[in-house]
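Take a look at the structure set out below.
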Amino acid sequence: MERVYKSKVGWWYHLLIIIVIIGCVAAFLRAHVPAMIAMLLIAMGVIHVLLNTYYRVTEEGMLIARMGFFPEKRIAIADIEALESSVMPVPSYALSLGRIVIWSDGKPWLLISPVNQSDFIKQLRKINPNIQLK
C-alpha cells in the first residue's frame with residue numbers, strides 16, 4: 001500500500017511565511033507595482049513549497065521525496081543502509097530542523113522531515129528490515 005508523509009513545518013518556515021506576508025502588505029500599502037508583483041511571486045513560491053513537500057513510499061519499494069519546484073528524488077528502499085536523526089541546518093527536502101538523514105552507499109543521500117517519523121521509519125523497515133538506526 002502506498003503511503004504519503006507530509007513534511008513537518010518548523011519555526012523557521014513559519015517565520016519565512018510571516019516575513020513574506022509583511023512584505024506583501026508593505027508593497028501594497030506603498031502601491032509599488034514591481035514590489036507587489038515580486039512579493040506575490042515569492043508568496044506563491046513559498047506556499048507552493050509548503051503544500052508540495054512530501055515523501056511517498058510506493059508499492060514498488062521506492063521512496064520518492066518531493067519539494068515544490070525542485071526535481072523529485074528517488075531511491076529504492078532496498079538501497080537504504082541507515083537512518084539517522086539530525087538537526088543540520090543545510091538545504092534539503094525538509095521544512096523542519098527535526099530531520100532524518102538517509103544513508104546509502106556509505107554516505108548521506110538526503111535529509112527529510114516527515115511529520116510522523118516513527119511511523120515513517122517503521123514503514124521503511126517493514127520493506128527493508130536491514131536498515132540500521134544510527
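Do we have ARG74 as modelled with pLDDT of 95 or more, out of contact with any Phe, Trp or Tyr (no Cβ under 8 Å at 6 or more places or on another chain) and open to solvent by 10 Å² or more (accessible area, probe 1.4 Å) here?
So ARG74 fits the description; yes.
Only residues that are of a type in the set (Val, Ile, Thr) and open to solvent by less than 50 Å² (accessible area, probe 1.4 Å): list them for the stretch 39-71, please.
Scanning the stretch 39-71 gives VAL46, VAL49, THR53, VAL57, THR58, ILE64.
Which count do you get for residues in the stretch 1-17 that are assigned to a helix (DSSP H, G or I) and open to solvent by 90 Å² or more (accessible area, probe 1.4 Å)?
2
Report yes if PHE28 is among the hydrophobic types (A, V, I, L, M, F, W, C), open to solvent by 90 Å² or more (accessible area, probe 1.4 Å) and under 30 Å from LYS134 (Cα atoms), otherwise no.
In short, no.
The values are calculated or read from the model by the stated rules, or taken from the named source; none is laboratory data. All figures in this text were calculated on a predicted structure; none of them were measured in a lab. So basically every Cβ, Gly included, is an ideal-geometry build from the backbone, and we count neighbours across all protein chains shown. For the accessible areas, the whole protein counts, side chains as well, though only heavy atoms, and no ligand, DNA or RNA atoms are used. Shrake-Rupley method; radii C 1.70, N 1.55, O 1.52, S 1.80 Å.
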